[in-house]
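Nothing in this text is a laboratory measurement; each read-out follows from the coordinates by a stated rule. Every value quoted in this text rests on a predicted model; they were computed, and no experiment measured them. Cβ coordinates were reconstructed from backbone atoms using ideal geometry, including for glycine residues, and neighbour counts include every protein chain displayed.
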Amino acid sequence: MPQFVACKFRPDDQRSYTYVWDGEPLNVGDVVKVPDRSGDGWKRVHVASISNDAPPFECKPILGLAPEEDEPAPEPETAASALDGDDGLPF
């Protein structure tokens, strides 16, 4: 059963935006990911309230729980350079 979740971009914002969530139940205070304006990325928002009643408008989906803010981004993988001497060439 979908949850209709009012979210705020900052906890002290007056305005909230409603999204829909079909996963495991969320709780007020959870931090979740929602699509950004470009549609290519996501924004971190705070769950302000939850309802089982659908609003009279279409809602964008929640993408999932957001990672902790202090969690580091994954390190980019780098290819070995031919100048490192580890290229396997015999000379």
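Listed values, structure above:
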quantity	calculated
Subset of the range 30-52 (residues that are over 12 Å from the mean Cα position of the chain (by Cα) and either in a strand (DSSP E or B) or in contact (Cβ under 8 Å) with a residue 12 or more places away in the chain (or both))	V47, A48, S49, I50, S51, N52
Residues of the range 1-29 classified as in a strand (DSSP E or B) and in contact with a Cys (Cβ under 7 Å, 6 or more places away or on another chain), total	5
Selected residue (only one of D30, D40, D13, D36 is more than 18 Å from E69 (Cβ to Cβ) and of a type in the set (D, E, K, R))	D40
Members of the range 37-56 that are under 19 Å from R10 (Cβ atoms) and surrounded by 11 or more Cβ atoms within 10 Å (Cβ to Cβ)	W42, K43, R44, V45, H46, V47, A48, S49, I50
